[in-house]
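Below: the structure, in structure tokens.
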Amino acid sequence: MNGPIVDARGLHKHFGALHVLRGVDLKVAERELVFVIGPSGSGKSTLLRCLNRLEEPSAGRVVVDGIDMLDPRTDINHARQRIGMVFQSFNLYPHMTALGNVTLALRKVAGKSRAEADALGRAALERVGLGDRAGHTPGQLSGGQQQRVAIARAIALEPRVMLFDEPTSALDPELVGSVLEVMRSLRESGMTMIVVSHEMGFARNAADRVVFMDEGAIVEEGPPAAIFAKPTHERTRAFISQIQRH
Amino acid sequence: MIQSFFNPEIIVASWPIVRAGLLNTVLLSLLVVPLGLFGGLILALLASVKHPAVRWPLMAWVDFFRAFPPLVLLILLFAGLPFAGLELGGFVCVAIAFFLNTGAYYGEILRAGIDSVPGGQIEAARSTGLSRLQAMTSVVLPQAVRNVLPDLLSNTLEVVKLTALGSVVAVPELLYQARQAQSLTYNPTPIVVAAIIYFLMLWPAVRLLSRLENRAFAGP
Ligand SMILES: Nc1ncnc2c1ncn2[C@@H]1O[C@H](COP(=O)(O)OP(=O)(O)OP(=O)(O)O)[C@@H](O)[C@H]1O
Ligand SMILES: [Mg+2]
């Protein structure tokens, strides 16, 4: 497979009168880490959510791992297993243990037995460094640990691509590192990733490509060094200098 | 005074009758509470369908059966249906009336519970491939029920009390049997006994409810 894992073309999204995505094209190659930046309201989350069809695009095409996500004949529940998603607010199931969170879809969607699911779930928790927290509920975990459980919940399904929507924005600064650590190890294991985040240090070290969005469109993209050092567009320059002042 | 309201001989003599009533009240409750919960669950699940063809009839249904006095509904079913050629008997009429009336109440409670669960929960579940229904049953409903547990319990208390309505259509539950015993013995003692039984039956649930409500006030 040499084609892109994610191939989105001409994506538009309207919320009523609001035109939030205005013709976005995004191709992501296998093992690539694409980092998406842009001002608040520029459509970054909406773009990610259109890729796994949590949001229905108004127009355009989304193909993920060869599956046409917008084709009505596509089994969307099956297709979504290939696309892991991590949310800013974790969205762990508070009434279940960490292991319960990680194994739910393994049992209900992937059709694993409880024993199989538990084994896979424990392995996934192990990968995010939380093998010893399997029996804890989200309320008993720190924010950083919760987000790592959320990552384990996604990777347990062995997705072909992972979407991260501001995974560290809700965390206390001292907990950010542990989550970035897990993301870095995921990247080293060859996971294809699309990351919306303000962690510019992470972008510099780990990203293959940085995409700058503004007003529902991709304004400019390129290797992190190029984008951060000499952006070609005024809007990119303004945004980056504003971020770096913080 | 004691002789007329709490006469020991009459308690003993009427006990078999009253006891049969108690048993029927318990059985009736065990029938109508799940029935109402089931009806409520259907209504609450339908409430997540935003289509106008579902929304408006649903709203009308819930409003109607919450506004309609359950006693009137029961008598209407019992006395009216035979004219439509349907002779259902008191027990079945009680079951139907409760399904309609308490189902509407349970439905509103469960709907509020479902609304109290953040949308991110469904999104997380759907993002891992769970269907809408799986997300509902595995992720949303358990949290929804927990969030409205005091209201569910409180409504259940009301439902158990309302089973006394069965006496109007000759269902031999506790109140009906106590009145039978009263008219046989010419003494109100069986009614007093029934009242005490109702209290003893419901009081633990009331205590539990207070504790749940206090905990809710105190926060998690
Ligand atoms: N469900 C919705 N209904 C209506 N408008 C929405 C909805 N979701 C997003 N929007 C609007 O679409 C625009 C883009 O939102 P989006 O969340 O994609 O931006 P973002 O780039 O992720 O911003 P942020 O950095 O603040 O997360 C915003 O103006 C937002 O208010
Ligand atoms: Mg966003």
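Points worth noting:
- Any hit, region B:153-167, residues being under 30 Å from residue A:100 (Cα atoms) and either surrounded by fewer than 19 Cβ atoms within 10 Å (Cβ to Cβ) or within 14 Å of chain A (Cβ to nearest Cβ) (or both): yes
- Unique residue being within 14 Å of residue A:7 (Cβ to Cβ), among the β-branched types (Val, Ile, Thr) and away from ligand 2 (no atom under 16 Å from the Cβ) when the list is A:34, A:64: A:64
- Test: residue in region B:90-106 that is in a helix (DSSP H, G or I) and within 14 Å of chain A (Cβ to nearest Cβ): no
- For region A:35-67, the set of residues classified as surrounded by fewer than 18 Cβ atoms within 10 Å (Cβ to Cβ), at positive phi and out of contact with any strand residue (DSSP E or B) (no Cβ under 6 Å at 6 or more places or on another chain) consists of A:41, A:66, listed by residue number.
- Among the candidates A:70, A:99, A:21, A:54, residue that is within 12 Å of another protein chain (Cβ to nearest Cβ) and closer than 22 Å to residue B:123 by Cα: A:54
One line per residue, one yes/no per condition, for (1) among the basic types (Lys, Arg); (2) under 22 Å from residue B:170 (Cα atoms); (3) surrounded by 11 or more Cβ atoms within 10 Å (Cβ to Cβ); (4) in contact (Cβ under 8 Å) with a residue 60 or more places away in the chain:
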position	(1), (2), (3), (4)
B:35	no, yes, yes, yes
B:43	no, no, yes, yes
B:70	no, yes, yes, yes
B:79	no, yes, yes, no
B:93	no, yes, yes, yes
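- Residues of region A:8-18 classified as surrounded by fewer than 20 Cβ atoms within 10 Å (Cβ to Cβ) and farther than 11 Å from residue A:46 by Cα, total: 5
- Test: residue B:141 is of a type outside the set (Gly, Ala, Ser), more than 9 Å from every other protein chain (Cβ to nearest Cβ) and without any contact (Cβ under 8 Å) to a residue 12 or more places away in the chain: no
- The set of residues from region A:146-169 being part of a loop (DSSP other than H, G, I, E, B) and either touching a Leu at 6+ places or on another chain (Cβ under 9 Å) or acidic (Asp, Glu) (or both) comprises A:156, A:157, A:158, A:166, A:167, A:168.
- The single condition among (1) among the basic types (Lys, Arg); (2) free of Cβ contacts under 8 Å to residues at least 60 places away in the same chain; (3) surrounded by 21 or more Cβ atoms within 10 Å (Cβ to Cβ) that residue A:153 does not satisfy is (2).
- Only a single criterion out of (1) β-branched (Val, Ile, Thr); (2) farther than 19 Å from residue A:184 by Cβ; (3) within 21 Å of the chain's Cα centre (by Cα) is not satisfied by residue A:149, namely (2).
- Selection count where residues are under 22 Å from residue A:237 (Cα atoms), within 14 Å of chain B (Cβ to nearest Cβ) and free of Cβ contacts under 8 Å to residues at least 60 places away in the same chain, scope region A:24-51: 0
Table: residues versus (1) under 30 Å from residue A:76 (Cβ atoms); (2) assigned to a helix (DSSP H, G or I); (3) of a type in the set (A, V, I, L, M).
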residue	(1), (2), (3)
B:25	no, yes, no
B:29	no, yes, no
B:60	no, yes, yes
B:83	no, yes, no
B:112	yes, yes, yes
B:121	yes, yes, no
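- Pair list, Cβ under 6 Å, 6 or more apart: region A:76-87 residue more than 15 Å from residue A:56 (Cα to Cα) and more than 7 Å from chain B (Cβ to nearest Cβ), other residue among the basic types (Lys, Arg) and surrounded by fewer than 22 Cβ atoms within 10 Å (Cβ to Cβ): A:82/A:160
- Among the residues examined, residue B:13 does not qualify as more than 15 Å from residue B:159 (Cβ to Cβ), surrounded by 13 or more Cβ atoms within 10 Å (Cβ to Cβ) and touching a helix residue (DSSP H, G or I) at 6+ places or on another chain (Cβ under 6 Å).
- In the set A:106, A:125, only one residue is within 12 Å of chain B (Cβ to nearest Cβ), on the phi < 0 side of the Ramachandran plot and part of a helix (DSSP H, G or I); that residue is A:106.
Every number here is computed from the coordinates shown, using simple stated rules; none is lab data. In this text the structure is predicted, and so the values were computed from the model without any measurement. Every residue, glycine among them, receives a Cβ derived from its backbone with ideal geometry; neighbour counts consider all protein chains shown.
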